[in-house]
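The values are calculated or read from the model by the stated rules, or taken from the named source; none is laboratory data. On a predicted model such as this, the values are computed, not experimentally measured, just so you know. All Cβ positions, even for glycine, are placed from backbone atoms using ideal geometry, and neighbour counts span all protein chains on display. For the accessible areas, the whole protein counts, side chains as well, though only heavy atoms, and no ligand, DNA or RNA atoms are used. Shrake-Rupley method; radii C 1.70, N 1.55, O 1.52, S 1.80 Å.
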Amino acid sequence: MNAPTVRVLYIDDEENNLNAFKASFRRQYEIYTATSAAEGLKILENIDVHVIIADQKMPEMTGVQFFKSITHTFPDPVRILLTGYTDIEALADAINHGDIYRYITKPWSDLELHNSIKNAYDAYKSKIDLRNKIAELEKTNDELNRFIYSISHELRAPLVSVIGIVNLVKMEDLFESSGEYWSLIETCSNKLDYYIQKTLQYYKNNKNITEHSQVDFRKLISELIDLYSYTDRETQFNIKIDQEVDFMGDAFRIEVILGNLISNAIKYQKTTEANKKVNIDIVVTTQHVEISINDNGMGILNEHLEKIFTQFFKSKNHHGSGLGLFIVKEALNKINGKISVISDIAIGTTFKIKIPNGTNQ
Amino acid sequence: MAQISDQKRVMIIDDNEVDLKINSKIISITKLFDEVIICQSAEEALNFLQRNLGDNQILPNFILLDIQMPEMDGFEFLEHYRKLPVSFTQTCWIAMLSSTLDFGDIQKAEANPYVVKLLKKPLKPAELQEILNRYYK
């Protein structure tokens, strides 16, 4: 493999130094020289340079001043400063402001300078490689997310047609006509729809944009209860909402979080319980909102408590997707919220959430 | 408001034949409308409306409009719909009907002055009934 071409720009007002440098290194590097900062800048504008060596003591502009002046315009080339022994102040300034990779004293030793350029080039290359890798990963990630989104849409459209047909069968009183087949189709379709909806929620939560809008918890909670208690009319809700002040936050994520928790509270009831209950307590202050969702359902085993927020964790006996609480946790992470859980098989489960109020930001 | 005929007519615009069949069947079972006008594309619907402008015995008084359709989608249809004479558009409300769960779509739809609601597929008769009660006294 051929050694890569390393392009070095050397700026020094003393032409003898430039010539000596060229004589020593012309075989190893592609060398560009300039006798002033202004001339160096011109070269930078036209040539993709990897390593810049600048002399500190130059009329008009010093090496450090030059490096400072290109911090934003040419951040990539790695910088080496050449200067005399005694110039401690220049050295401090260079390290603090010039983003200098190496400091080499004059007169240089060829070996030392050669090694420094080599190392500087490696540093340059890893910086660029890393940036390319990040860009590549972001692109892949983005494509994957878009794929998830579009496939979920495409899958959901025909599924919704199937659910529509089942509804039609009910309306025409044919639901019981083939034993339990129709009800099995309905159960499977609803389950599939649930998975697709969770996948979409996961996708949307993955996007980094956070929304900042007013949240009215009374309205939100009553909408969510209407939505999720649709299939279960037995559960009693006790709702206490204390919201005297405005709350600003990410309405979509808050809806996803509360929706998942309320739907879980309804879904994981004890079948034998006569008084199925869900208590929702919300207190909004100018600092944050504290939400507690408590049920007298089947509870969570102690040894499972640590795992419930991980992706695809599901308990053996219950039919979940293993996504609900994972999405809750991910969504809370994005909006700096916190969640804790207390559960007892005999008593039920309580989730407590705290989300900062965006009005004081 | 302009004179409306006694007959209640709904136009369903959807490229998906299965959904067209399901939804027109639901409407005929529930008898929420007397007549269903079926259009398999937004262009077909626009042509029908333009051809029959002024004829209150043929024009619909309600439209169920799908969002995702090839060529002209539901939102583009609304752009053209705006340009129809007010004498017609003020007698005919639109509900969008879609399997979308996209927050943006929902907000965009309900912000449109002609759209009363975005209904999620599958169409539920109770939801449709509620809209009709509210907008057609």
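Annotations for the structure displayed:
- Principal-axis tilt of helix A:181-206 within chain A, Cα atoms, nearest 10 degrees: 30 degrees
- Long-range HN-HN contacts of residue B:117 with modeled amide H, under 5 Å: B:96
- For the listed peptides A:158-169, A:257-268, A:122-133, A:19-30, a ranking on the average number of other beta carbons within 10 Å per residue, highest first, reads A:257-268, A:158-169, A:19-30, A:122-133.
- Largest-first ellipsoid semi-axes for the range A:133-207, taking √(5λ) over the Cα gyration tensor eigenvalues, angstrom: 37, 10, 8
- From phi via Karplus (6.51, -1.76, 1.60), per-residue ³J(HN,Hα) for the range A:253-258 in Hz, x at Gly/Pro: 5, 5, 5, 4, 4, 5
- The order of A:218, A:253 by accessible area, most exposed first and with a 1.4 Å probe, is A:218, A:253.
- For the range B:103-132, heavy-atom accessible area (probe 1.4 Å) falls by no less than 10 Å² from the chain alone to the full protein assembly at B:103, B:121, B:122, B:124, B:125.
- Inverse mean reciprocal Cα-Cα distance (Kirkwood Rh) of the range A:203-300, Å: 14.4 Å
- Backbone N under 11 Å from the residue A:97 label point (7 Å along Cα→Cβ), restricted to the range A:27-70: A:62, A:64-69
- Largest-first principal axis extents, alpha carbons of the range A:7-108, Å: 34, 30, 23
- For the range B:9-135, the fraction of C-alpha pairs more than 23 angstrom apart is 23%.
- Amide H to amide H distances under 5 Å link residue B:62 with B:9, B:11, where only residues 5 or more positions off or on other chains count and H is placed in the peptide plane.
- Backbone HN-Hα couplings from phi across the range B:73-90 [Karplus 6.51/-1.76/1.60, Hz, Gly and Pro as x]: 8, x, 5, 5, 4, 4, 4, 6, 4, 3, 7, 6, x, 4, 4, 8, 4, 7
- Burial here means at least 10 square angstrom less accessible surface with every protein chain in place than with the chain by itself, probed at 1.4 Å; in the range A:166-213 the buried residues are A:167, A:168, A:171, A:172, A:197, A:200, A:204, A:211.
- Dipole moment magnitude, nearest 20 debye, the range A:157-227 about Cα centre, only Lys, Arg, Asp, Glu C-beta charged: 480 debye
- Within the accessible area of the range B:29-137 (1.4 Å probe), percent carbon and sulfur: 49 percent
- Per-residue ellipticity at 222 nm from helix content only, as computed over the protein assembly as shown with -39500 (n - 2.57) for each DSSP H run of at least four residues, stands at -14500 deg cm²/dmol.
- Across the range A:93-105, rounded Karplus estimates of 3J(HN,Hα) from the backbone phi angles (6.51 cos²θ - 1.76 cosθ + 1.60, θ = phi - 60°) give 4, 4, 5, 6, 10, x, 6, 7, 8, 9, 10, 10, 8 Hz, Gly and Pro being marked x.
- Toward the positive end of the charge dipole of the range A:133-207, with +1 on the Cβ of Lys and Arg and -1 on the Cβ of Asp and Glu, the farthest Cα among A:166, A:185, A:203 is that of A:203.
- Protection-proxy order for peptides A:188-195, A:286-293, each taking the mean of Cβ atoms within 10 Å per residue, highest first: A:286-293, A:188-195
- Cβ charges +1 (Lys, Arg) and -1 (Asp, Glu), total dipole of the protein assembly as shown, debye: 900 debye
- Surface share of carbon and sulfur [accessible, 1.4 angstrom probe, percent] for chain A: 53 percent
- Heavy-atom SASA rank of B:81, A:181 (probe 1.4 Å, accessible area, largest first): A:181, B:81
- FRET efficiency for residue A:275 and residue A:190, using Cβ-Cβ distance with R0 set to 30 Å, rounded to 0.05: 0.70
- Protein-only accessible surface order, largest first, of B:25, B:121 at 1.4 Å: B:25, B:121
- Two-site label geometry, residue A:30 and residue A:232: point separation in nm, points 7 Å out along Cα→Cβ: 6.9 nm
- Degrees, to the nearest 10: A:37-46 long Cα axis against longest axis of chain A: 50 degrees
- 17 Å cut-off, amide nitrogen to a point 7 angstrom out along residue A:314 Cα→Cβ, residues in the range A:175-194: A:185-194
- The distance between label points at residue B:101 and residue A:46 comes to 5.9 nm (points 7 Å beyond Cα on the Cα→Cβ vector).
- Kirkwood analysis of the Cα pair distances in the protein assembly as shown returns a hydrodynamic radius of 28.8 Å.
- Protein accessible surface hidden between A and B, which excludes ligands and nucleic acids, total in Å², probe 1.4 Å: 1600 Å²
- Crossing angle, helix A:110-171 versus chain A [Cα axis fit, 0-90 degrees, rounded to tens]: 20 degrees
- Under 5 Å from the amide H of residue A:245 lies no amide H of any residue 5 or more positions distant or on a separate chain, with H modelled from the backbone and absent for Pro and chain starts.
- Probe 1.4 Å, accessible area per residue of the protein assembly as shown, Å²: 54 Å²
- Put simply, when A:57-65, A:38-46 are sorted by average Cβ atoms within 10 angstrom per residue, most first, you get A:57-65, A:38-46.
- Placing R0 at 41 angstrom, the Cβ-Cβ distance between residue A:13 and residue A:132 gives a FRET efficiency of 0.65 after rounding to 0.05.
- Rg to Rh, two decimals, where the range A:232-361 supplies the alpha carbon set and Rh follows Kirkwood: 0.97
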